[in-house]
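What follows is a single structure, written as structure tokens, with notes after it.
The values are calculated or read from the model by the stated rules, or taken from the named source; none is laboratory data. Treat the numbers as computed from the prediction; the structure is a model and nothing was measured. In this analysis, Cβ positions are derived from the backbone assuming ideal geometry, glycine residues included, and neighbour counts consider all displayed protein chains.
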Amino acid sequence: MPGFASPPMPADGTAAQSTEPVPEAGGRLRVVLLMAGSCLPILGAVLLAPVLPKMQEHFAAVPGARALVPMVLTIPALALALLAPIAGVVIDRLGRKRLLIMASVLYALFGTAPLWLDSLGAIVVSRALLGVAEASIMTSCTTLIGDYYTGRVRDRYLALQTVCATASATAFFILGGALGSSGWRTPFWLYAVGLLLAPAMATFLPRPTPGTTTEKASSVEPRRPFPVRRLAGICVLSVFGAVVFYTVPVETAYLLDDLGVKSSGLIGMVTAIASAATVTGCVMFASLTGLPERRLPAIFALCGAGLVLMGLAQNIAVLIIGAFLNCIGTGFLLPSLLTWAMSKLEYADRGRGTGLWTASFFFGQFICPLALIAVESTTGNLAAAVGLLGLASALVAAGLLPVLLLRRTTSAREIPQA
């Protein structure tokens, strides 16, 4: 795949779009390794879901097992959300590639630890440590995409990252169920893949360097304050975007149950349709030109329309249509937010900035079910809560329009006249 030279950096610190290709050696393998690394945290999130009942049965006599066993699945995501900003700081100080390799090895060690641990408490601790490794891997991979590529190539690869994550989630869920048939410990062997990826990353991922004169200068200057104001609004918006993004995969089964659908096969089919819609949105995003953030009002409006339709659904057909519309929108949403954040970061800040954005998005994932439960306690049912989230998404879309128009007008006025 072709690489592109880093773009000139305008006065406001945002990255310009570039279309000038430069030679790139081993580019295809580089992309494969970065996408494989980006899937590792997804492996941690869904692989064990099918074997949780078996774990619950195995540890039934352990005090607190009813709460601790589900934490085996969820605590890595919480650790990732809390520690991604710290991983970003380490990345900017220690180096992207070095931390990625170390974290991949630790991922394998902590991930396979439950194969030999007999204490449920120790397993939960190992899963928390796995989240530390996942935070470093996800932040490093995303930062390296920002380092290696720019312009439309960067946008396409960030969209591809979402496609790989979404597709791998379904694959890992199925694989975890298949391996779990021989025992609840068996799926933990898959975490050893980190030991295969680490040497390949060490060999085939080049050490990134600043790509522009501005970035080179900023990388050798004395350390300056991190530009928090550039990312603050995007990070807050990304928390809300993550709630919108995860509502369909988290709540669809409950909405179907409320409609009287009990078949696990039918629920799985609806989930697969929603996942396919997200992948479709990502692929469509990669084919578009222009600044992705300018499409955010339309994207939030589309996501909101789908959620409102799901909230009003009285039959499964309407629910599927609403989920499909929402997930087409979320397929655009994640790469749009991420590429917008990347465009605000210079080389010296990219690790910390990516860490903050990753933490924001995963924090939104963590609070998604909690937020909907809170709204449901007020509205009286989940469908109404999902519909209100859709209305909130539409309000965010309306609020973004004047903000983005103002930014566009201000930027136009700042362009010097010939």
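Key figures
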quantity	calculated
Failed condition for residue 195, given (1) closer than 20 Å to residue 89 by Cα; (2) outside the structural domain of residue 386 (by TED's automatic domain parsing); (3) modelled with pLDDT of 90 or more	(1)
All positions within segment 230-284 that are of a type in the set (A, V, I, L, M, F, W, C), crowded, with 19+ Cβ neighbours inside 10 Å and under 18 Å from residue 381 (Cβ atoms)	248, 255, 256
Some residue of segment 104-115 being part of a helix (DSSP H, G or I), of a type in the set (Gly, Ala, Ser), more than 18 Å from residue 39 (Cα to Cα) and not assigned by TED's automatic domain parsing to the domain that holds residue 335	yes
Residue 51 buried (at least 18 other Cβ atoms within 10 Å of the Cβ), among the hydrophobic types (A, V, I, L, M, F, W, C) and either in contact with a Cys (Cβ under 9 Å, 6 or more places away or on another chain) or more than 27 Å from residue 179 (Cα to Cα) (or both)	no
